[in-house]
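Here's the structure we're looking at; comments come further down.
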Amino acid sequence: MLRFIVRRLIQSIPLLFLISAILFVILNNIGDPLATLGGRQRTSAAERDRLERQLGLDQPIHMQYIFWLIGNDWFQFDSDGDGVGDRYGTRRGILRGDLGSSFRERRPVSDVISDRLPPTLLLMGTAYVFTIIMALGVGIYSALRPYSRADNVITALSFILYSMPIFWIALSLLWIFAVTFKQAGLPYLPTVGMYEPGQPVTVAQVARHMVLPVLSLSLISIAGYSRYVRSGMLEVINSDYIRTAYAKGLSGRRVLYRHALKNASLPLVTLIGLDIPFLLGGAVVTEQIFSWPGMGQLFINALDGADFPVLMGLLMLIALLVVIFQILTDVVYALIDPRIRL
Amino acid sequence: MAASQRSIDDVVNLQQHDSLVMPRTLAGLAWMRFRRHRMAMVGLIMLGLLIAYIVIGSLVFTEAFANFNNTRIRVQPPSLEHPFGTDEIGRSILARTIYGGQISLIIALLSVLLSITIGTAIGVIAGYYGKLADSVLMRFTEAVLSLPTLLLLLVMAKFFGGRVPDLALLGRTFSGSVIVIILIIGFTSWTYLARLVRSSYLTLKEQDFVLAARALGASDRQIVLRHILPNAMAPILVAATLGIANAILQEAYISFLGLGVQAPTATWGSMMQGATGAITRGQWWLWFFPGLLIVLTVLGINFLGDGLRDALDPRSQRG
């Protein structure tokens, strides 16, 4: 087991280098980060020179990549523009835990990201737990009555939900529960943000703000996941060991949840493990619609301002998590399925 | 039961009948299974109606009418004159969903064509030639798969944005952003197919018919394209069909976030770009109709793809 983990980790190192190199080249060319730095006034040529030197943008791209990777505290910079190196850099590089500084916010990328991480984790975590519970419930419910009317309705609904863009679901929910309810004088839900500005932040208030984004995020995934649960359960439910379990005189409930579900949920484990890291970025559209102050909005803002240290940091964080969760998924799979050996 | 009453007669009839008709081809069998698939037929009808909508619609309204703005009638709710209402600068939403639908479908079709070409090429090279090419290409595929598609699409949209000039074709001007979207969706969505094609080539190249072809002196090129490719076609076709649905959704996401197709060219996605603001003002018609058309199209394609999978590969299990 340990050997497997170590081997997989070593294998992933070149992969992460490849990803970072490709991204670095692309992100370096997505726009002009200096265009918006001067505020309303256009950045003058002299100012632009100074900023480029300061941010290290005057260096050739391979040097910028090396600085991003291992830092620039060993390299003499030309800070006054006379062509002679006169000052050592201060960056330590991502390999020494320094993600660089945001162009726009002028503070470390790690601070920028960790400010935005909790709201996204809260939103996506809740949505994900809700998705899994609902998918298990719906999937088991329809697996127990295959091809009945209820099952057919659920199948049709899943197909429809699965064909919807997430923003259309979000807009529809907003329209129903925030706008129409308000017009009709019913209790309505808030439209934007995480809490009401100017009021003390309470759990109940954040929860109220979370209802619609969580629903928007979960509905499509519930539709997808419950199909897996259903087909997994259908496959298992007719197998011999389930008949044996019934023959032993176990209660239906016990057979279902202890014997059948355990095996039927194996494909779900893979699905969950591989999907979790993508959740961090998956909220882009939803966070945008509901003005949720999380990583998705950070990504869009950074993209607008061509703030590539932030973009690099965000994307590499996700790529790293993908790699880690792939390994974790295999390990968990081996732990719950004794037939598999690593 | 009725079945048992006619069984003997039927068998006799069938035998006589069978000797008269040509043996069924593989494609004929697939079409038979497809026709029996109720969902697939529903999907086909839905798509037929949608295509009729955007084709016949463009005969009724001109593109100039779809882009014509009249600020005196802006954000009007649906009425007899404008059945889907009008948008923020007084354009008819009905006419715009017709032309927007054309662009959305063109983008989806062309980007899938691109991604199928890239995915098949990479899959074939990795699966057939193997060795170094295989490991390099598969690492590259993994690299692309390690990033969320939407984020990758947005980065690429920003990267290519504004670099492609407008294109005049068939008397219409297409915004350069249309080409950008086709390219980026094509460049990001080939990974699944590449892996699929690679694995079918890995299995197929070991089979006897390949050995036979090689013994007859067929070149690698002939083996890859004429002998193996037809056998690997079924999953490619299914992936292409479902890929169209995916491409429509992806275009909608990018355009919704404002990085997609730029005005005055409309797509179903870009028409909903300002919708978040319209929500609180109660102007539901601004986002409802383009979204509904997306849902219907994607649903139709998903039904069709599902039926195609069952028809082309009878062994596959349905989820």
query = How high is the relative contact order of the stretch B:188-319, in percent, with contacts defined as C-alpha pairs under 8 Å that are six or more residues apart?
reply = 23
ask   = Once the Cβ-Cβ distance between A:ILE133 and A:LEU266 is put in as r, and R0 is 25 Å, what FRET efficiency do you end up with, to the nearest 0.05?
value = 0.90
remark   = Result for the stretch A:109-336: accessible area per residue, probe 1.4 angstrom, in square angstrom, of 44
request  = Would you grab the residues whose amide H sits under 5 Å from the one on B:PHE174? Only those 5+ places off in sequence or on another chain, please, with H modelled 1.01 Å from N.
outcome  = B:LEU167, B:ALA168, B:LEU169
task = With a cut-off of 18 Å, note down the residues of the stretch A:253-297 whose backbone N falls inside the zone around a label point 7 Å from the Cα of A:VAL192 toward its beta carbon.
result = A:284-297
remark   = Taking B:285-297, B:260-272 and ranking on average Cβ neighbours within 10 Å, highest first, one gets B:260-272, B:285-297
note = Once accessible area is computed for A alone, B alone and the pair with a 1.4 Å probe, the total buried surface, to the nearest 100 Å², works out to 3800
key: Estimated distance in nm for a label pair at A:VAL6 and A:ARG341, the labels positioned 7 Å out from Cα along Cα-to-Cβ   = 1.9
query = Among rounded, prolate and oblate, which fits chain A when a ≥ b ≥ c are the square roots of the eigenvalues of its C-alpha gyration tensor, a/c under 1.5 means rounded, and a/b larger than b/c means prolate?
reply = oblate
remark   = If the chain between B:THR280 and B:GLN222 were fully extended at 0.36 nm per residue, the gain over the current Cα-Cα distance would be 14.8 nm
note = Per its Cα gyration tensor (rounded if a/c is under 1.5, else prolate when a/b beats b/c, else oblate), the stretch B:119-180 is best filed as oblate
query = Once both axes come from the Cα atoms, what is the angle between helix B:285-312 and the longest principal axis of chain B, in degrees from 0 to 90, rounded to 10?
reply = 0
ask   = Within chain A, what's the longest stretch lacking chymotrypsin sites (Phe, Trp or Tyr not before Pro) that sit in DSSP loops with no more than 11 other Cβ atoms inside 10 Å?
value = A:148-342
remark   = A student applying the Cα gyration tensor rule (rounded when a/c is under 1.5; otherwise prolate if a/b is larger than b/c, oblate if not) would label the protein assembly as shown rounded
remark   = chain A: relative contact order from alpha carbon pairs under 8 Å, six or more residues apart, as a whole percent, is 22
query = A:ASP73 to A:LEU274: extension gain in nm, 0.36 nm per residue of separation minus the Cα-Cα distance?
reply = 68.6 nm
key: Cut-off 15 Å between beta-carbons: net charge of the residues surrounding B:GLY243, Lys and Arg +1, Asp and Glu -1   = 0
key: Virtual paramagnetic centre 7 Å along Cα→Cβ of B:SER58, amide N under 19 Å, in the stretch B:156-177   = B:166-177
remark   = Rounded to the nearest 10 degrees, the helix A:149-162 long axis (Cα) sits at an angle to the longest Cα principal axis of chain A of 10
key: Probe 1.4 Å, accessible area per residue of chain B, Å²   = 51
note = Ignoring ligands, DNA and RNA, the residues of the stretch B:132-149 whose accessible area with a 1.4 Å probe is reduced by 40 Å² or more relative to the chain alone are B:ALA143, B:SER146, B:LEU147, B:PRO148
key: Karplus-derived 3J(HN,Hα), 6.51/-1.76/1.60, for each residue of the stretch B:229-237, Hz, glycine and proline x   = 3, x, 6, 9, 6, 4, x, 5, 4
ask   = Residues of B:151-161, mean number of Cβ from any other protein chain within 10 Å of their own Cβ, rounded to a whole number?
value = 5
query = If you place +1 on the Cβ of every Lys and Arg, -1 on the Cβ of every Asp and Glu, and leave all else neutral, what size is the dipole of chain A about its Cα centre, to the nearest 20 Debye?
reply = 1820
ask   = So, with a 1.4 angstrom probe, what is the percent of accessible area on the protein assembly as shown that is carbon and sulfur?
value = 63
note = Under 5 Å from the placed amide H of A:SER101, counting only residues 5+ away or on other chains, we find A:VAL109
note = The longest stretch of chain B containing none of the trypsin sites (Lys or Arg not before Pro) that sit in a DSSP loop with at most 15 other Cβ atoms within 10 Å is B:164-280
ask   = Once amide H atoms are placed 1.01 Å from N in the peptide plane, what residues at a sequence separation of 5 or more from A:PHE77, or on another chain, have their amide H within under 5 Å of its amide H?
value = A:ASP86, A:ARG87, A:TYR88, A:GLY89
task = Could you work out the mean count of beta carbons from other protein chains within 10 Å of each residue's beta carbon in B:295-302?
result = 4
query = Just which residues of the stretch A:305-334 lose 30 Å² or more accessible area with every protein chain there, against their chain alone, with the probe set to 1.4 Å?
reply = A:LEU315
request  = Scan chain A and report its longest stretch carrying no trypsin sites (Lys or Arg not before Pro) that are both in a DSSP loop and have at most 14 other Cβ atoms within 10 Å.
outcome  = A:107-247
task = Give me the distance between the Cα centres of the stretch A:279-316 and the stretch A:181-251, rounded to whole Å.
result = 25
key: Extension reserve of the A:THR244-A:GLN205 stretch, reckoned as 0.36 nm per residue once the Cα distance is removed   = 9.0 nm
query = In degrees between 0 and 90, to the nearest 10, how far off the longest principal axis of chain A does helix A:2-27 point, with axes built from Cα atoms?
reply = 50
task = Give me a single rounded figure for A:46-53: the average over its residues of other chain Cβ atoms within 10 Å of their Cβ.
result = 0
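The values are calculated or read from the model by the stated rules, or taken from the named source; none is laboratory data. Model, not experiment: these values are computed from the prediction. Backbone-built Cβ (ideal geometry, glycine too); neighbour counts: all protein chains shown. Note: accessible area is taken over every heavy atom of the protein model, side chains too, but ligands, DNA and RNA are not part of it. Shrake-Rupley method; radii C 1.70, N 1.55, O 1.52, S 1.80 Å.
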